[in-house]
Every structure is written in structure tokens, then in C-alpha cells.
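Here is the structure we will look at.
FYI, it's all coordinate maths here, none of it is from the lab. In this text the structure is predicted, and so the values were computed from the model without any measurement. Glycine gets a Cβ as well: all are built from the backbone with ideal geometry, and neighbour counts include every protein chain shown.
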Amino acid sequence: MTTIARWDPFQDAVSLREAVNRLFEESLVPILPTVQSGQGFVPALDMSETPDAYVLDVAVPGMKAEDMTLTFENGVLTIAGEVKQENEQKERNYHRVERRYGRFSRSVAFPALVKGDAIAAKLENGILHLSIPKSEEVKPRQITINVG
């Protein structure tokens, strides 16, 4: 015997409302304190995981290594820096300035134990590549089964 599932049009509306609420909670709320505090921007980053490490790729176009600082404390990595505005030329009449300038700070908390003293950072083509190795007790390991 087959079961007939009835379509509920209001279920889709509830799902859409939940999706919109999640969008506002996840994307707009963290940005608001940054904008209100007068910071220029927050660099975008991609975070991935391998069996041995966490990998972060942070977009910092036009920045030099000496313009940024990296700190690691209590499982939180903080990337801070400043993008300085070029000297505005008085001969020019600017119609639009879209590049962002100013100080920024971005912190990432790690879900597991990591080796803070072994973090590797490399700046290449406007992308800051970070490799954060996992602690040995966090890495997955295979356990052999003894046959008795």
C-alpha cells in the first residue's frame, strides 16, 4: 500500500522565512559592529580543513606583509592591519572612491586544538595563505583490532 503525502503550501513559506532570517543573522549582524566602530572593512577569507591542518586564504589585495600582524591566543587567530589611502591629489576631481581604506581586524576561533607555535603564513598575489597544524591528539588515527 502506498502512502500519499499531501502538499502543504505554507510549509514552503515557513522555510523561506527561516532562510531569510538565517541570512540576516549570519551575514548582516556580524558586520554591523564593524561598521559602527569606524573600521574600514573586514577581509574575506576561505577556511578549509585537511587531516593535518586548517587552511585559511585571506583576501588582502595590495597589502604588504609589514602592514599586517598575526596573533594567536587561546585558540583564536587574529589578523589585523591597515590599508592606507594614497595621497589624494588636489588636481583631480574625484567622482567615485570605491576602494576601502582603514584599519581592519578579523578573528577566527578554531574548533579543535591546534599548534599555535607552528602556524605558517605566506603572502602571495594579494592572498594571505595560512596553515594552522592540528595537535596530535586531534588528528584522526586508525586503531588496529587484535584478534584473540
Q.
Report the gain in length on full extension from Leu45 to Glu66: 0.36 nm times residue separation, minus Cα-Cα distance, nm rounded to one decimal.
A. 5.6 nm
Q) Based on the Kirkwood radius over alpha-carbon pairs, what value in µm²/s does the Stokes-Einstein equation return for the translational diffusion coefficient of segment 57-117 at 10 °C and 1.306 mPa s? A) 112 µm²/s
Q. Arranged from highest to lowest average of other beta-carbon atoms within 10 Å per residue, in what order do the peptides 57-67, 117-127 appear?
A. 57-67, 117-127
